[in-house]
Amino acid sequence: MKKLMPIIILFLMLIVPAASYAFGLELAVGGWKQSPQGDLAYKSITVGDELDLKRDCNYDDETRFTGRLKIDMPLFLPNIYLMATPMEFDGTGLKTVDFKFGDYDFDADVPFYSKITLDHYDVGFYYGIPFIKTLSAETFNIDIGINVRIYDFEVEIKQDTTSIEESEDFTLPVPMVYLALQIKPVDKLAIEAEARGISYSGNQVYSLIGRVKFNIFGPVFAAAGYRYDKLKIDEEDVDVDIDFSGPFIEAGFKF
């Protein structure tokens, strides 16, 4: 909860003034089926210290709730995009060779329990490219801006048989470029795509979202789509090269 407090405070600082002056609002909640692939290591020395999320850690797909809020601001103020994505995997796995994780050596062929948390929160500011929406008779739009993704990262491993356990956690803010487009071929149907990403010093973080949105009645809509996230970082002696992908559904309203 302590780690979430800065996010909650920032959310309130943004939403309170925005709610007073904004002329557009879109709120959606849903579920994303997250399929993990890749590996992680902590203070690794050799390739054998890397843990494969599927093969070694035995992680399964997980479905987590997600939420997002878009606020269209008046005049020359940037629009606001907030998104929360909980993400957690755990399982009991086995590795056929000894491996080092953090300051400890774990034995081969002995089951170990591990859990990784990668909750993250997006705070974005963007503008629509002028005149595109007007010239296309409200059927096409492009948004461009900046996005800060804040990762609340935590990993823990324990081997009950040997009584060895290790953990690490940190908070990582990542600035990213934001680009989105919306196509509205008919009144009740919209096709949307969003891209967030950055590459620096060998690190790569990006997120791709495709969404089909259908207006049910009034301001209420339902949507379905696919999301792919890539996280390749080396921070705080933690080396992560993971991607997450899967379909999602959501419902919400737009004024």
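The values are calculated or read from the model by the stated rules, or taken from the named source; none is laboratory data. Being a predicted model, the structure only gives us computed values, none of them experimental. Neighbour counts run over all protein chains shown; Cβ positions are idealised from the backbone, glycine included.
Take Val29 and decide whether it is of a type outside the set (Gly, Ala, Ser) and at pLDDT 95 or above.
Criteria met by Val29.
Which numbered condition in (1) farther than 28 Å from Gly225 by Cβ; (2) within 17 Å of the chain's Cα centre (by Cα); (3) of a type in the set (Lys, Arg) is the only one that Arg64 fails?
(1)
Table: residues versus (1) of a type outside the set (Gly, Ala, Ser); (2) under 30 Å from Thr96 (Cβ atoms).
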{"residue": "Asp119", "(1), (2)": "yes, no"}
{"residue": "Pro130", "(1), (2)": "yes, no"}
{"residue": "Leu135", "(1), (2)": "yes, no"}
{"residue": "Glu138", "(1), (2)": "yes, no"}
{"residue": "Gly145", "(1), (2)": "no, no"}
{"residue": "Val148", "(1), (2)": "yes, no"}
{"residue": "Lys158", "(1), (2)": "yes, yes"}
{"residue": "Thr161", "(1), (2)": "yes, yes"}
{"residue": "Glu166", "(1), (2)": "yes, yes"}
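Given the conditions (1) surrounded by fewer than 17 Cβ atoms within 10 Å (Cβ to Cβ); (2) modelled with pLDDT of 95 or more, and given that Arg227 satisfies all but one, which numbered condition is not satisfied?
For Arg227, the failing item is (1).
Would you mention how many residues in the range 231-255 are touching a Phe, Trp or Tyr at 6+ places or on another chain (Cβ under 6 Å) and under 19 Å from Cys57 (Cα atoms)?
2
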